[in-house]
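Visitor: Structure provided below as structure tokens; questions to follow.
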Amino acid sequence: MTLPVLAAAALFAGVLAYGLFGGADFGSGFFDLTAGGSTRGGELRTLVDHSIGPVWEANHVWLIYVLVTWWTAFPTTFAAATETLFVPFLLALVGIVLRGAAFAFRKYSGTLAQARLFGAVFAGSSLMAPFFFGTIAGAIASGRVPADGDGDLWSSWTSPTSLFGGVIAIGTCSFLAGVFLVADAERAGHRDLASGLRRRTLTVGVVTGAVVFVALVPIIHDATTLSEGLTGRAAPLILASGLTGAATLVLLARRRFPAARLTAVVAVATVLLGWGVAQYPWMLVDEVTIDQGAGADATLVAILVAVALAIVLVLPALGYLFRLTQSERWTHD
Amino acid sequence: MVTDPAGLLPARQQMALSLGWHIVLACFGVAFPAMIFVMHRRGIVRADPVSLGLARRWSKVSAVLFAIGAVSGTVLSFEMGLLWPGLMGPFGDVLGFPFALEGLSFFVEAIFLGIYLYGWDRLPPRQHLLMLLPMATAGVVGTYCVISVNAWMNMPTGFRMVDGEVTDVDPWAVLLNSGALLQFAHMWVGAFMVVGFVVAAVYAAGMLRGRRDEHHRLGFTVPFVFATVAALLQPVIGHVLGIRLGQTQPSKLAAFELATTTEQPAPLRLGGLLIDGQPRWFVEIPQWGSFIARGSFDKPVRGLDTFPAADQPPVNITHVAFQSMIGIGSLLALGVVVFWVARWRGRDLSGNRWFLRCVVVAGPLAVLALECGWIATEVGRQPWTVWQVLRTTEAATDNPGLWWSFAGACLLYVGMTVGAGVVLRSMARRWRAGEEDLPSPYGPQRQDA
Ligand code: HDD
Ligand code: HEM
Ligand code: HEM
């Protein structure tokens, strides 16, 4: 593997981690939004607070990791993408800011009226961020970001690939979140909550699957380089994703929640990985390859040193945090 | 002369707004964990419920502040690309590495923050306390890393320009550039001043309203001790920082000193503005300008007239911001000296209403000094984004829609400020009413009650 490819792999590992952990966080906004009135939804919202409260900031840092690795290792492609995709980047950012702030505010708000306001902002913006990230991915994958960054400010991210990308991102995040929340609710002994969540997660899963199916045709026409990769090199991954996705539905239906969590993660991870593999060797599809976009060698080495440090310092700590949150003591108040 | 890119002005405004907002919360991320540690440790070691109660409340406050600190930092990461593609494209691989390490420290900080906040009553007390240490350390490392980038923008190294192309990139040289350590020290100590005075101000306000219990006494004293040490160190570090400007950025120094022409020895001008090219309305102290800027009473200070007009920074903003910082810094240092001298002579000024009023004002003043310091540094660096390498006009985006995004940013920040204010005040109100746990209002606990 060349140095640029290693750096690209490190970058993509961040995308993967953000997609899974950040995604599950975002998706919980969907269930929060649809939890019902303040009395009926109270239990679910408390569960959301409890489940993502300790971890959301850590999960959010994956985004910082992705941005920083991107601009350090592939600076010109970063500048090109932010210039062309100014609008969706900005809107995704607004989503992230509103969501993080409103989540923290809601937890400590003094009155029900305030909590409802902050809650609505939190839940709504939780859907905004993945949607626009989806459109960004779609724009890059369909070759709409020119190397010099002078792509169209609007049409670059409003193609079918982008828009379906956004909707699929929302669906996937929600599905992932649902699977995690069901398991959390069950573990904490909230049986009724768990069965309600289970039903809704199944619905989300089926709908998202259907959207993916419908989207295939336009995407194949719209993003030819990507679809060649998806049906060629990445086909096994996409297939694996479909199978594990279906398995998740079955496991959910049979109330095997911990197992469903595992298959859901595999399903989302493989589809993201499939995108990466299909797009290889392009950094900006049809415009700049990984090798062409890479920054100075000395910097690539430095960034790999930083990644190695992260593996040694951050991953064990992250593991500790997740282990604590799943432990008996942290599950019950 | 090429015309300025359409995004130049709004990009600068937006950057200034979002950095100026972030930096205040960043200070809490840097300094608050250390203060909570001292309080929490006191509570455990002396089995003191008052200290423990304060630590617990502060950790809840930090949950709110760190959340908006983190999201406002994310804004900056996006803005690096959205506003300054001309910087990030050519120089992303030069300045990126410190940011990567910064990201790493944020990871550590965010992880241990989660553990600490939710660890109350769940982790064994001593182990719980230790979770603050990685947080505090990560805050320091992260600050060093960002500041090293800013120091690099002031004193660029670690690359060469050959025919307009960046070559020979050495990211380690950027991370360890010679300007970083001192600038970091000033920022780090500044963070302790800001948080120390702001938190002390909150309890001083409480004492002014007649709440004179142990809770308020401790809540005032611990941050005030931090602020004292910081306020005494800060002028010294700042002075050393200023001395090197004569070599590294003489035009910035000239603007700081309102020096239109070269003078030897140069006077210190207090106050004053540049009107039609002439300094007006200032008080002059002979020779002291040379001493403050160059560390000797007879060295010259270069005047602005020795620089081409196109290379001069905006003088008035830089000068006023710089002197406000110095004025406030000196005032605060004087204030803490007065307090401890009186205390040494057996008088406790925390019983004095006028002193308490001064402390209440000291909080916002420290924040103001911090903002002024940054404005002086950043505006004084103009017209360069990377000193004598990249002009701000070349760094900015050409996006004509940027005023919209600036307007949106203003709304967003006003909203977040109001939101944070409302929530923090309501927390304080409920605490005073004796509610320690602050359950969420839609939670099942509340409905049962
Ligand atoms: C609580 C805040 C605070 C206080 C009380 C002071 N400063 Fe400061 N100063 C800062 C907060 C700050 C800052 C915001 O943190 C800056 C901006 C950039 C930096 O690294 O630190 C800064 C920059 C800064 C610079 C510019 C460095 C450069 O452009 O490279 C100088 C020369 C000084 N300071 C000097 C002083 C002196 C002599 C002070 C004595 C009273 C002082 N500062 C008090
Ligand atoms: C002097 C300037 C700065 C200082 C001292 C500083 C310090 C900090 C600190 C301590 C935090 C952690 C906040 C918390 O979680 O409580 C933070 C967050 C952050 N800062 Fe800054 N920062 C500065 C400027 C910048 C700049 C210029 C950028 C980007 C270009 C930036 C990017 C970030 C990001 C992305 C986060 C969020 C990380 C997270 O999710 O926790 N900061 N900053
Ligand atoms: C956190 C405290 C900071 C504040 C309050 C601050 C303030 C400002 C201000 C007022 C400007 C506009 C200057 C002008 O247009 O005249 C500016 C520009 C800028 N700052 Fe800072 N700054 C801070 C820290 C940093 C740091 C740590 C970095 C980089 C790591 C940074 C990077 C930039 C860049 C890239 C620009 C735009 C280019 C330019 O105008 O020079 N700033 N900042």
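The values are calculated or read from the model by the stated rules, or taken from the named source; none is laboratory data. Owing to the predicted nature of the structure, the values given are computational and were not obtained by experimental measurement. No Cβ is skipped: glycine too gets one built from the backbone with ideal geometry, and neighbour counts run over all protein chains shown.
Visitor: For the condition assigned to a helix (DSSP H, G or I), within 10 Å of chain A (Cβ to nearest Cβ) and among the hydrophobic types (A, V, I, L, M, F, W, C), what is the one hit in B:365, B:412, B:438?
Guide: Just a single option satisfies the conditions, and that option is B:412.
Visitor: Six or more apart or on different chains, Cβ under 7 Å: which pairs go from a residue in segment B:233-251 that's in contact (Cβ under 8 Å) with a residue 40 or more places away in the chain and in a helix (DSSP H, G or I) to one that's aliphatic (A, V, I, L, M) and within 7 Å of ligand 1 (Cβ to nearest atom)? Could you list them?
Guide: Going by the 7 Å Cβ cut-off, the qualifying pairs are B:234/B:193; B:235/B:333.
Visitor: Being within 14 Å of ligand 2 (Cβ to nearest atom), within 14 Å of chain A (Cβ to nearest Cβ), under 16 Å from the mean Cα position of the chain (by Cα) and of a type outside the set (Ser, Thr, Tyr) narrows it down to one of B:146, B:189, B:108, B:140, so name that one.
Guide: Answer to the check: B:146.
Visitor: If you don't mind, there's one more thing I want to ask. Confirm whether residue B:18 is touching a residue at least 12 places away in the same chain (Cβ under 8 Å), of a type in the set (Gly, Ala, Ser) and away from ligand 1 (no atom under 16 Å from the Cβ).
Guide: no
Visitor: Failed condition for residue B:57, given (1) at the interface with chain A (Cβ under 10 Å from one of its Cβ atoms); (2) in a helix (DSSP H, G or I), with all others met?
Guide: (1)
Visitor: Considering each residue of segment B:6-39, count those that are buried (at least 20 other Cβ atoms within 10 Å of the Cβ) and not in a helix (DSSP H, G or I), and give that number.
Guide: Selection size over segment B:6-39: 1.
Visitor: Would you mention how many residues in segment B:326-360 are over 30 Å from residue B:243 (Cβ atoms) and assigned to a helix (DSSP H, G or I)?
Guide: Count: 14.
Visitor: Here's a follow-up. When residues of segment A:38-55 are filtered for being more than 8 Å from every other protein chain (Cβ to nearest Cβ) and either crowded, with 24+ Cβ neighbours inside 10 Å or within 25 Å of residue A:11 (Cβ to Cβ) (or both), how many remain?
Guide: 2
Visitor: Filter segment B:43-52 down to the residues that are surrounded by fewer than 18 Cβ atoms within 10 Å (Cβ to Cβ) and not aliphatic (A, V, I, L, M), then identify the one that is farthest from residue A:106 (Cα to Cα).
Guide: Checking each candidate, the answer is B:46.
Visitor: Right, next: Mind listing whichever residues of segment B:365-389 are under 13 Å from the mean Cα position of the chain (by Cα), more than 15 Å from residue B:320 (Cα to Cα) and within 14 Å of ligand 2 (Cβ to nearest atom)?
Guide: Once the filter is applied, which keeps residues that are under 13 Å from the mean Cα position of the chain (by Cα), more than 15 Å from residue B:320 (Cα to Cα) and within 14 Å of ligand 2 (Cβ to nearest atom), segment B:365-389 yields only B:367.
Conditions tested, residue by residue: (1) among the aromatic types (Phe, Trp, Tyr); (2) in contact (Cβ under 8 Å) with a residue 60 or more places away in the chain; (3) surrounded by fewer than 22 Cβ atoms within 10 Å (Cβ to Cβ).
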site	(1), (2), (3)
A:265	no, yes, yes
A:290	no, yes, no
A:301	no, yes, yes
A:313	no, no, yes
A:316	no, no, yes
A:324	no, yes, yes
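Visitor: Right, another one. Give just the number: which of (1) more than 27 Å from residue A:70 (Cα to Cα); (2) of a type outside the set (Gly, Ala, Ser); (3) at pLDDT 95 or above does residue A:266 not satisfy?
Guide: Of the numbered conditions (1) more than 27 Å from residue A:70 (Cα to Cα); (2) of a type outside the set (Gly, Ala, Ser); (3) at pLDDT 95 or above, the odd one out for residue A:266 is (1).
Visitor: From A:102, A:120, A:113, which residue is of a type in the set (A, V, I, L, M), surrounded by 23 or more Cβ atoms within 10 Å (Cβ to Cβ) and assigned to a helix (DSSP H, G or I)?
Guide: Every option except A:102 fails the conditions.
Visitor: Now, a different point. Would you tally the residues in segment B:71-105 being within 10 Å of ligand 2 (Cβ to nearest atom), facing chain A (nearest Cβ under 7 Å) and closer than 20 Å to residue B:184 by Cα?
Guide: 3
Visitor: Filtering segment A:273-302 down to residues that are more than 18 Å from residue B:88 (Cα to Cα) and not in a helix (DSSP H, G or I), which residue is farthest from the other protein chains (Cβ to nearest Cβ)?
Guide: A:280
Visitor: Suppose we filter segment A:79-93 for residues that are within 7 Å of chain B (Cβ to nearest Cβ) and either over 15 Å from residue A:138 (Cα atoms) or outside any helix (DSSP H, G or I) (or both); how many remain?
Guide: 4
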